[in-house]
Amino acid sequence: MEILLAKTAGFCFGVKRAVDTVYKEVSGDSDVAVYTYGPIIHNEEVVEDLNNKGVIVIDENIPLDNYLKKNDIQKKVIIRSHGVGKHVYDEIESYDVEIIDATCPFVKKIHNIVKEESEKGKGIIIIGDEKHPEVIGIKGWSKDEPIIVDNAEIAEKISLDSRREYVIVAQTTFNSIKFKELVEIFTKKYYNIFVYSTICNATEERQREAKELAANVDTMVVIGGKNSSNTQKLYNISKKECKNTYYIQTLVDLDLTVIESAKRVGITAGASTPNHIIKEVQDSMAELSFEELLNQSEENGNAVRPGSVIEGKVIGVKPDVIYVDIQYKADGIITRAEYSNTPNLDLTTVVNVGDPITVKVIKTNDGEGQVLLSYKRVAAEKSYEKLQEAFDNQTVLTAKVTEVVKGGIGVMVEDCKVFIPASLVSDTFEKDLDKYMDQEIEFVLTEFAPKKRRVIGDRKQLLVATKAEAAKKLFDSINVGDVVDGTVKNVTPFGAFIDLGGADGLLHISEMSWGRIDDPKSVVKVGETIKTYIKEINGEKIALSLKFDDNNPWAKAAEKYAVGTEVTGKIARMTAFGAFVELEPGVDALLHVSQISYEHVAKPEDVYKIGDEVTAKVVDFKEEDKKISLSVKALLPAPVVEEATEE
């Protein structure tokens, strides 16, 4: 089998730039909350990995206030490569957060064209999918409502104002051939239209290459996220040229039996497909091709020919080779690599002259007139019966990781190699698989094809099942108001995630204390065990709190801070109308600017600074609203007003 990989497969410039931007930001200051406006790319693995690192995806359908409401946490919002409309920038800026613009330069160019041309009074026609985020973003830069079209039927029905000038732009990932067809429909009907060719060169090249590749292979594999528009276009283009075209998201979606008989297989991938997924698919196909070559011939009696299993007797042993009498015109040899998978094994310690041995013929002439034999392949085939039973019964197997490659990991079950693709090693994306080397892991078999020496394992489903079982057990046993113990798993600027033994609960910064908390790390630390209570359960989300009722400072506030009571506290924060005084953690009182002194005070900063201790009198207490008003002036002697005398 010949495997042909498209040169342009994988991340395009704009997507790579956006993804790299997010990884750079999330690896920086841990006290900064990082958001992306929508998923950074249409690839679930990458988005999930970033989510595990603390990146929060802003859902465009949910008000920004739910994410960016003002508090002391520093926030950064990253605009993805698709770009957004001008109103989105304006709304985000109103929250006084930092915007990092990762919009693809090619998309940004379209924004500028639409903005400038629409301000000149020209009508805007966007060729693309009206539901695609890139098109929605482009639309947001037009002064007037633009026309959006993605098929000939709609284009034919559109009637334009013949007295007005129009500009046509295209979604960067739109099919270039289809774009030209739609432009032709408009230009044949109207003469006052200017066309900007805004389809990305990389997109055109990717589509052209996919078309040419698909026309010259037996089978075509297109890799990309299920929501990726540009990958769907690659699939449609390839399908027209090659009927055996398959659309997959990761290796686990590919049924390798469909390509067994193919002589030439082409691979391409969408702009949002990470290289490690492409490599995993390519490596699996290459492994299949190699093993097919080793199994060209089927076993047939005791004939000495490639693929046959024969009996022999050991007639010589060296540390790295075994000589075998096979009753043939030439002796057979077994190299160290074909005897065992153990590196640097001294064969003289495991085999003796005169031992009978069952071997498999690999080559009848190794180049020096000897027959190349394999002992480990016969041993592996004997192990297949046990593996077949494990596959049929979905028995959980345990084995040590003996190999780590870019596409996954290899384990040995007796003498049989089991390959576990990277996407099935864990229930979360694993960037570095080296940590699994020499580890004992559990897994089940999801594919068993002994004739092709193809045995695929899956560790992910065991982890998912274990977590699901633990989660069910946890949710069946907890209720709102329960006090629970948990381990601090991760601390972010907005709170901490607590492992409750089956699911994580969020301890928001606002629930860490009755008082004011500026940094969650000052309250909890990763790895420590804490006692919290369950404030809310919403589906699979658990909200936790440390604000227990027995330490609620407002429980006895009515008695401690009754009107007329003299109190002492510290200035916590100031506004234009007064200063807030912390009487105790969780209880703040307002010292209005008019109550600071009998003399005129323009603003509290003229008298106080943060941290100053203040003694004042309680002049108002509203328990329901949790509001206390203070007056320093009430403790001061009233100024003497001199009466005017008549002269």
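The values are calculated or read from the model by the stated rules, or taken from the named source; none is laboratory data. None of these values were measured; they are calculated from a predicted model. Note: ideal-geometry Cβ built from the backbone for every residue, glycine included; neighbour counts use all protein chains shown. Surface areas here come from the heavy atoms of the whole protein model, side chains and all, with no ligands, DNA or RNA. Shrake-Rupley method; radii C 1.70, N 1.55, O 1.52, S 1.80 Å.
Here are the numbers for this structure:
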| quantity | calculated |
| --- | --- |
| Estimated dipole of region 139-185 in Debye, rounded to 20 [Cβ of Lys and Arg +1, of Asp and Glu -1, Cα centre] | 140 debye |
| GluC sites (Glu not before Pro) restricted to region 537-578 and DSSP loop, no more than 12 other C-beta within 10 Å | 540 |
| With Cα atoms, 0 to 90° folded angle of helix 460-477 axis to the chain main axis | 40 degrees |
| Positive minus negative residues near residue 497 (Lys, Arg vs Asp, Glu; Cβ under 10 Å) | -1 |
| Rounded if a/c under 1.5, otherwise prolate or oblate - the chain, Cα gyration tensor axes | oblate |
| DSSP beta bridge pairing in the chain, given as percent antiparallel to the nearest 5 | 65 percent |
| About the Cα centre, charge dipole magnitude for region 408-470 (Lys/Arg +1, Asp/Glu -1 at Cβ), debye | 380 debye |
| Hypothetical label at residue 189: residues of region 109-125 whose amide nitrogen lies under 20 Å (7 Å Cα-Cβ projection) | 122-125 |
| Cβ-placed point charges (K, R +1; D, E -1), dipole of the chain about Cα centre in debye, nearest 20 | 2300 debye |
| Links that overshoot a 21 Å alpha carbon limit, given the list 109/143; 570/626; 263/417; 233/406; 406/435; 7/435 | 263/417; 233/406; 7/435 |
| Net lengthening on full extension, residue 253/residue 177 (0.36 nm per residue, minus Cα-Cα) | 24.4 nm |
| Modelled label reach - residue 87, point 7 Å along Cα→Cβ, region 126-164 residues with backbone N closer than 11 Å | 140-142, 145 |
| Area accessible to solvent at residue 218, 1.4 Å probe radius, in Å² | 70 Å² |
| Signed unit charges on C-beta, dipole axis of region 330-467, positive-most listed residue 410, 422, 380 | 422 |
| Gyration tensor (alpha-carbon) shape descriptor, region 494-631, a/c threshold 1.5 | prolate |
| Theoretical FRET efficiency, 1/(1+(r/R0)^6), r = Cβ-Cβ of residue 335 and residue 508, R0 60 Å, to 0.05 | 0.45 |
| Gain upon complete extension [residue 325, residue 196; 0.36 nm per residue less C-alpha separation] | 38.8 nm |
| Computed label-point distance, nm, for sites residue 551 and residue 240 using a 7 Å Cα→Cβ extension | 6.8 nm |
| Most positive-pole-ward Cα, 510, 147, 84, against dipole of the chain from beta carbon charges | 147 |
| Cα-based helix-to-principal-axis angle, 275-294 vs the chain, degrees rounded to 10 | 10 degrees |
| 5 Å-binned pair-distance histogram of region 4-109 (Cα, whole percent) | 2, 11, 24, 24, 20, 11, 4, 2, 1, 1, 0 |
| Virtual spin-label span in nm between residue 51 and residue 435, 7 Å along Cα→Cβ | 2.0 nm |
| Length added when fully stretched, residue 464-residue 414, from 0.36 nm per residue minus Cα-Cα | 15.4 nm |
| The chain - percent of accessible surface contributed by carbon and sulfur, probe 1.4 Å | 48 percent |
| Probe 1.4 Å - accessible area at residue 141, Å² to nearest ten | 40 Å² |
| 0 to 90° range, to nearest 10: angle between helix 201-214 axis and the chain longest Cα axis | 30 degrees |
| Modelled FRET efficiency - R0 51 Å, residue 521 with residue 130, Cβ distances, 0.05 increments | 0.70 |
| Accessible heavy-atom area order of 460, 406, highest first, probe of 1.4 Å | 406, 460 |
| Pair residue 626, residue 305: separation of 7 Å Cα→Cβ label points (nm) | 8.6 nm |
| Which of 335, 349 is most accessible, then next, and so on - probe 1.4 Å | 349, 335 |
| Residue-level accessible surface for residue 592, protein heavy atoms, 1.4 Å, Å² | 70 Å² |
| MRE, 222 nm, helices only [DSSP H, n ≥ 4, -39500 (n - 2.57), over the chain, to nearest 500] | -8000 deg cm²/dmol |
| Mean accessible surface per residue for the chain, computed with a 1.4 Å probe while every protein chain stays in place, in Å² | 52 Å² |
| FRET efficiency, residue 32 to residue 599 (Cβ-Cβ, R0 35 Å, nearest 0.05) | 0.20 |
